[in-house]
Structures are given as C-alpha cells and as structure tokens.
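For reference, the structure discussed in these notes is given below.
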Amino acid sequence: MAVHVPTRWQKSTYSGGGDGNHCLELAEGREAIEVRESDDPGVVVMATPGSLQSLMRGIKEGEFDRVG
C-alpha cells in the first residue's frame, strides 16, 4: 500500500503574506519540481531541476524581456 505524503509548497520570503500577494510556489515531486501560482493552485506544471534552472537563469539575464 502506498503512503500519501502531502505536498509541501514553498514560496519566496520576498512574497510576504496576506491577500493579493500572489506568487509562484515550488514543491519537490517524486520525479520533478512542481510549480504553481498561489492564486490558481489547481494548475501544476512539472519541470526537471535542469530545465527549471535554465528558465530561472534566462529570466534573470533578461532573455525573455522582449517576448510578446
């Protein structure tokens, strides 16, 4: 019988607390990192640690500043 372990979501301490303070939350899944928005917790995407690291690096370096 498999034991269900609750997902422990984490968000940045920079996000603060209270209503209207929506942010991304991360959790360690069995096979990947799980990502969701705190204002829409039913939608969860999964990424490998390497692909998430590449995305974060691209965001920090401004790679996506001209998208759209």
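The values are calculated or read from the model by the stated rules, or taken from the named source; none is laboratory data. Quantities reported herein were computed from a predicted structural model and do not represent experimental measurements. Counting neighbours? That spans all protein chains shown, and the Cβs are built from the backbone with ideal geometry, glycine included. Please note that ligands, DNA and RNA were not included when accessible areas were found on the heavy atoms of the full protein model with its side chains. Shrake-Rupley method; radii C 1.70, N 1.55, O 1.52, S 1.80 Å.
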Surface share of carbon and sulfur [accessible, 1.4 angstrom probe, percent] for the stretch 22-66: 51 percent
Relative packing of peptides 44-52, 31-39, 58-66, 7-15 - highest average C-beta neighbours within 10 Å first: 31-39, 44-52, 7-15, 58-66
Label point distance in nm, Glu31-Thr7, each placed 7 Å from Cα along Cα→Cβ: 1.5 nm
